[in-house]
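The next block holds one structure in the form of structure tokens; read it before the comments.
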Number of protein chains: 2
Amino acid sequence: MDIKSVIRTIPDYPKKGVMFRDITTLWQDAGGFRHVVDLLVWPYAGVRIDKVAGIEVRGFVLGGAIAHQLSVGFIPVRKKGKLPGDVISEQYELEYGTDTVEIHSDAIKTGDNVLLVDDLIATGGTAEAAINLLRRAGGTVIGAAFVIDLPEIGGAKRIEAMGINVRTLCAFDGD
Amino acid sequence: MDIKSVIRTIPDYPKKGVMFRDITTLWQDAGGFRHVVDLLVWPYAGVRIDKVAGIEVRGFVLGGAIAHQLSVGFIPVRKKGKLPGDVISEQYELEYGTDTVEIHSDAIKTGDNVLLVDDLIATGGTAEAAINLLRRAGGTVIGAAFVIDLPEIGGAKRIEAMGINVRTLCAFDGD
């Protein structure tokens, strides 16, 4: 199936000039949702994965499904102040200012193989911070999986430069 | 397995006197996560389900996994202003003030059978609003599934009074 055909583009959202790629139309499509989970998971057949980490908030839907498919645990990567237990944090740069992602301090055991999941990779800033966090916690990030790549923005290359295997299923440029 | 044993309680979070039930310790437990998905899904064997609706944000992890297990589509029920497309909204009362949940206007087709999913039911206010919303969109809510019930607060009874089959897997009182 053509994955791009079930992803809706909303022009000028959240601000003028941005073409927002809305993955909810893919999620609500039974065949589409199943298909992207299968496509993201199959390259890891035979690879030991201990945990799936999903990035708040759209990475939770796909990450929950992938963790279930692999029969492994799921770890939420959340924005600052959202997790109730003891956390470790990683700050990262935005265009203007900074942001912070967190995981629970006990979410990773040393040596855990972790697959990072999100719906879309743009600058890769959040994914890079999440990978730093998972590594600091003792995990080995064995891959990063996204449905949508925005290659002009270069995030996938940035994550590959960290030595991470990046998998994306479709790409949008300015169209 | 004893589901309660893998749910962490954090006293005085988010405010003094509240015993917060932290489901992330269940998610990160491979056996626990798999087990609760299986337990929530099996009563619906042989029942036609077209969509799983998950309530922001913890309902996304479980809802994604359950939608995948059932091979159906997933619909996010989000707080006001978070969805990028045209939405329908439902306002509901809080102890002090009001809140609003939204779904995309095209998320439900008339006659869709929908299973509502969240991690926990307390007052049931958000779940009630979500059910009203799904019904207004033309869906039939064939059940509401939660991992954790707080029976003293009475949310499950409130949802059952709407004619909805409610399934919960464990209960916490003040302990």
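The values are calculated or read from the model by the stated rules, or taken from the named source; none is laboratory data. What you see is a predicted model, and the numbers here were worked out from it, not measured in a lab. So basically every Cβ, Gly included, is an ideal-geometry build from the backbone, and we count neighbours across all protein chains shown.
In the set (1) at the interface with chain B (Cβ under 7 Å from one of its Cβ atoms); (2) farther than 24 Å from A:Gly163 by Cβ; (3) surrounded by 17 or more Cβ atoms within 10 Å (Cβ to Cβ), A:Ala107 fails one condition alone, (2). Being over 20 Å from B:Ile23 (Cα atoms) and either touching a residue at least 12 places away in the same chain (Cβ under 8 Å) or within 7 Å of another protein chain (Cβ to nearest Cβ) (or both) is the filter here; which residues of the range B:36-58 pass it? Once the filter is applied, which keeps residues that are over 20 Å from B:Ile23 (Cα atoms) and either touching a residue at least 12 places away in the same chain (Cβ under 8 Å) or within 7 Å of another protein chain (Cβ to nearest Cβ) (or both), the range B:36-58 yields B:Pro43, B:Tyr44, B:Val47, B:Arg48, B:Ile49, B:Asp50, B:Lys51. In this entry, B:Val61 passes the filter for residues that are on the phi < 0 side of the Ramachandran plot, within 7 Å of chain A (Cβ to nearest Cβ) and touching a residue at least 24 places away in the same chain (Cβ under 8 Å).
When A:Val141, A:Val101, A:Val77 are checked against the criterion of being within 14 Å of chain B (Cβ to nearest Cβ), in contact with a helix residue (DSSP H, G or I) (Cβ under 6 Å, 6 or more places away or on another chain) and surrounded by 21 or more Cβ atoms within 10 Å (Cβ to Cβ), A:Val77 stands alone in meeting it. I'd like the full set of residues that are part of a helix (DSSP H, G or I) and more than 10 Å from every other protein chain (Cβ to nearest Cβ), limited to the range B:14-35. Selection gives B:His35 alone.
Do we have any residue at all in the range A:122-136 that's among the polar types (S, T, N, Q), at pLDDT 95 or above and under 27 Å from A:Ile3 (Cβ atoms)? Yes; the residues of the range A:122-136 include at least one that is among the polar types (S, T, N, Q), at pLDDT 95 or above and under 27 Å from A:Ile3 (Cβ atoms).
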